[in-house]
Amino acid sequence: MEDLSLHILDIVENSLNAGASNVSIKIVEDDENFIVTIVDNGKGMDEETLKNIFDPFFTTKNARNFGFGIPLFAQTAEQCGGRLDIKSKVGFGTEVSVYLKKNHIDMLPIGDLGLTIITLIISNPEVNYQLIYKNGNYIYELDTAELKSGIDSITEAQTLHFIRNHINDGIKSTQNQR
Ligand SMILES: Nc1ncnc2c1ncn2[C@@H]1O[C@H](COP(=O)(O)OP(=O)(O)OP(=O)(O)O)[C@@H](O)[C@H]1O
Ligand SMILES: [Mg+2]
């Protein structure tokens, strides 16, 4: 994977597949660490799924084929001196936390997080997404539930264009202020 925003897209797609109506994406950055936490209120995972989630080739008798989203992000995290943790409860939801060492030689760039978020909005506009980006003492926040209350349609091209730039500029400004 070439950047973190594509990994984040994969993890949130899992949340959408699990029927989540709310997904929060929190990124906390300091001088050394880059921590991504994605929380959803989807259907959650049972013990068996959780046990095998890091094995991309796990297959049950019923030929259920597991995918690559989680193992790939876990691999990226480990390559950057970090790890990926999952907590999940059937009927409640899932929390995926990814810890990366941001000065590691293999650390990936964040990429176009604004594009990732509008891609998610386009694919599931009824879902509410919260983005929190904390860099030292500076915070950027966006909540699509709040945005929706002030506009006719969140999927209008101009709105999406605005959201994408708002996110990418917002993140950049937290980095410049440090
Ligand atoms: N947020 C989640 N809520 C509920 N189940 C999840 C969640 N994330 C992952 N899972 C379960 O773990 C499995 C593995 O996820 P993973 O992203 O690694 O692969 P995939 O989504 O099946 O395929 P791919 O990501 O390659 O398209 C999923 O198929 C799903 O059963
Ligand atoms: Mg997946």
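Values in this text are rule-based calculations from the coordinates and carry no lab data. Fair warning: this is a prediction, and the values are worked out from it, not measured in the lab. Neighbour counts run over all protein chains shown; Cβ positions are idealised from the backbone, glycine included.
Put a plus charge on the Cβ of each Lys and Arg, a minus charge on the Cβ of each Asp and Glu, and nothing anywhere else: the dipole of region 4-176 about its Cα centre is then about 300 debye. Placing R0 at 30 angstrom, the Cβ-Cβ distance between Ser21 and His104 gives a FRET efficiency of 0.25 after rounding to 0.05. Translational diffusion of region 4-176, estimated by Stokes-Einstein from the Kirkwood radius over alpha carbon pairs at 20 °C in a medium of 1.002 mPa s, is 127 µm² per second. Per-residue Karplus couplings for region 29-46, computed as 6.51 cos²θ - 1.76 cosθ + 1.60 with θ equal to phi - 60°, are listed in order as 10, 9, 5, 10, 10, 9, 10, 10, 10, 10, 10, 10, 10, x, 6, x, 10, 7 Hz, Gly and Pro entered as x.
Remark: spin-label model distance Ser123-Gln75 equals 1.9 nm, labels positioned 7 Å along the Cα→Cβ axis. Using the Cβ-Cβ distance between Asn52 and Ser173 with R0 = 45 Å, the FRET efficiency computed as 1/(1 + (r/R0)^6) comes to roughly 0.60. 3J(HN,Hα) along region 130-138: 10, 10, 10, 10, 10, 10, x, 8, 9 Hz, from the Karplus curve 6.51 cos²θ - 1.76 cosθ + 1.60 with θ = phi - 60°, whole Hz, x for Gly and Pro. Using the Cα centre of the chain as origin and beta-carbon charges of +1 (Lys, Arg) and -1 (Asp, Glu), tell me which of Leu84, Val28, Ile118 is placed farthest towards the positive end of the dipole. After comparing all options, I get Leu84.
Taking 0.36 nm per residue of sequence separation and removing the Cα-Cα distance, the Asp112/Asp31 pair yields an extension gain of 27.1 nm. Dividing the helix sum by the residues of the chain, where each DSSP H run of 4 or more adds -39500 (n - 2.57), gives a mean residue ellipticity at 222 nm of -12000 deg cm²/dmol. Less than 5 angstrom separates the built amide H of Val90 from those of Met45, all sequence-distant by 5 or more or on a different chain.
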